[in-house]
Amino acid sequence: MSRQRGNKPGFWFFRLFLKTGGLWAAYGLLYGVALHYWLFDRQAGKAARAYLSRRFPENGKLMIHLKCYRLFVSQGKQLIDRMAATSGAVRFNFTLLGEDTLADLSARKSGFVLLTAHAGNWQIAMTTLGRIGKNVYLVMHPEHNTAVKQSLNISSEGAFIDTIPPAGGPGDVLKIIKLLKDGHIVSFMGDRPYDAATGEVTFMGDRAAFPLGAFSIAAAAGVPVVMLLASRTGFKSYTVDFTHVMTPKYEKGRNKRDQLTQWAQTYADILTDFFTKAPYQCFLFYDVWRNREDPGGPGEKRSVSGN
Amino acid sequence: MADKQSLEEIREQLKQSLVEELSLEDITPEEMKDDEILFGEEGIGLDSLDAVEIVLILQQNWGIDLADMDMEKGKEIFASLDVLAQYIYDNA
């Protein structure tokens, strides 16, 4: 169900169904494909259960397992929607929340950090930023580039979205701060660390590791962090929410990693609230609760022996 | 107008700032070597969050804005404490 789980013949079939029968035909095919993954992809099931068992703590194993299938179908529909949007075959209706915020931010000389998560159809939602006249740079590892580039039409003429593969050194910081000061938008994944520095937060009622880089960069560049939340609300309908904005600014005398973790906690709370209202929009197929590492930990000094 | 800091003074202030601002333990400014490697396993293992902090330290303490620096040059000046101190000395 994730990028790695699709293959070329599979996508070809979905495109064929989409072209010949429209969205409903592709959705029809999806129910069978999702069933296959639900029955046989143990890894995907395990990762999905990490989230579902925390979202639905009152449910037993069987209900959680059934809800896995519903989550797979929900993600599949959004992948199909993205495919349809990229091909230009279908027009989707977006309800945009926070248009005033975006207008205000687009009028500024500097850019802003856009924080996304494995929540809803963030790729399709990001296309709504085209109207504000700023370029968007996604900080993304090269192995994820191909799929994202395809889904966002990045290579196409006139595209306003591009990717920055992090080299892992201090040069990344300089490049990102320069982009922000030049007025561009730099987007980070806020809910999965991908080997970046993390802080321990409470997410869906349990301790989890969230990345801190986005807040650190925003504080250094003096720009706001805008949180993008996109949910599929019905057939061809999406709500894109840009109303959550914070401007990280360090308080003197307080441990900076503590403050970064506090901002990450605010984000975790917003995401928890989002998934409480829209439980089948969470596509974080990674156990952020189990795979957490916090080199310093809140309120602690850090060892220089490594991270 | 204040006198220009010597390279030695810059190095000492930089060590102090790194230990304090990055909340480093296990090492004091006095213990930090002049040619200390800052990033990666060979050195004191600073990470990307620390790189952001160093950009801020340079801006706040010496008025150096690194935002316009190209990435390759950026990698070079972060190579070690000595190289960074020399860059500050040349550009402050």
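The values are calculated or read from the model by the stated rules, or taken from the named source; none is laboratory data. The model shown is predicted, which means the values in this text are computed figures rather than measured ones. Glycine also receives a Cβ, built like all others from the backbone with ideal geometry; neighbour counts cover every protein chain displayed.
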- [ ] From the list A:LEU52, A:LEU97, A:LEU66, A:LEU129, pick out the single residue that is crowded, with 19+ Cβ neighbours inside 10 Å and modelled with pLDDT of 90 or more.
- [x] A:LEU52
Open item on the list: Just to be sure I understand, how many residues within segment A:103-121 are surrounded by fewer than 20 Cβ atoms within 10 Å (Cβ to Cβ) and either touching a strand residue (DSSP E or B) at 6+ places or on another chain (Cβ under 8 Å) or not polar (S, T, N, Q) (or both)?
Closed with: 5
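Conditions (1) more than 14 Å from the chain's Cα centre (by Cα); (2) part of a helix (DSSP H, G or I), marked per residue:
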residue	(1), (2)
A:ARG254	yes, no
A:ARG257	yes, yes
A:LEU260	yes, yes
A:TRP263	yes, yes
A:THR266	yes, yes
A:ASP269	yes, yes
A:PHE275	no, yes
A:VAL288	no, no
Open item on the list: So A:THR202 passes all but one of these: (1) surrounded by fewer than 17 Cβ atoms within 10 Å (Cβ to Cβ); (2) in a loop (DSSP other than H, G, I, E, B). Which condition number does it fail?
Closed with: (2)
TODO: Note down all Cβ pairs under 8 Å where the first residue falls in segment B:67-92 and is at the interface with another protein chain (Cβ under 9 Å from one of its Cβ atoms), the second is among the aromatic types (Phe, Trp, Tyr) and crowded, with 17+ Cβ neighbours inside 10 Å, and they're at least six residues apart or on different chains.
DONE: B:ILE77/B:TYR87; B:PHE78/B:PHE39
Open item on the list: Pairs please, first residue from segment B:1-28 and touching a residue at least 12 places away in the same chain (Cβ under 8 Å), second anywhere and part of a strand (DSSP E or B) and of a type in the set (Lys, Arg), Cβ atoms under 8 Å, 6+ apart in sequence or on different chains.
Closed with: B:LEU22/A:ARG302; B:LEU24/A:ARG302
- [ ] Give segment B:14-48 a look and list any residue that's part of a strand (DSSP E or B), crowded, with 19+ Cβ neighbours inside 10 Å and in contact with a Gly (Cβ under 7 Å, 6 or more places away or on another chain), or say none.
- [x] B:PHE39
- [ ] Working only within segment B:18-57, note down all residues that are over 21 Å from A:LEU212 (Cα atoms) and more than 8 Å from chain A (Cβ to nearest Cβ).
- [x] B:THR28, B:PRO29, B:GLU30, B:GLU31, B:MET32, B:LYS33, B:ASP34, B:ASP35, B:GLU36, B:ILE37, B:GLU42, B:GLY43
Task: Selection status of B:GLU72, in a loop (DSSP other than H, G, I, E, B) and either crowded, with 21+ Cβ neighbours inside 10 Å or out of contact with any Lys or Arg (no Cβ under 7 Å at 6 or more places or on another chain) (or both) - done: no
- [ ] Kindly check whether there is at least one residue in segment A:69-82 that is of a type outside the set (S, T, N, Q), more than 15 Å from A:THR233 (Cα to Cα), in the same structural domain as A:ILE177 (by TED's automatic domain parsing) and buried (at least 19 other Cβ atoms within 10 Å of the Cβ).
- [x] no
Open item on the list: Tally up the residues in segment B:21-42 that are modelled with pLDDT under 90 and under 13 Å from the mean Cα position of the chain (by Cα), please.
Closed with: 3
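Just to check your reading of the model, which residue among A:ALA48, A:ALA25 is assigned to a helix (DSSP H, G or I), touching a residue at least 60 places away in the same chain (Cβ under 8 Å) and small (Gly, Ala, Ser)? Spell out how you get there, then give the answer.
On the way: A:ALA25 fails: touching a residue at least 60 places away in the same chain (Cβ under 8 Å).
Just one listed residue meets the conditions, A:ALA48.
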Task: Where A:ARG232 falls short, out of the listed (1) modelled with pLDDT of 95 or more; (2) over 21 Å from A:PHE160 (Cα atoms); (3) surrounded by fewer than 23 Cβ atoms within 10 Å (Cβ to Cβ); (4) touching a strand residue (DSSP E or B) at 6+ places or on another chain (Cβ under 7 Å) - done: (1)
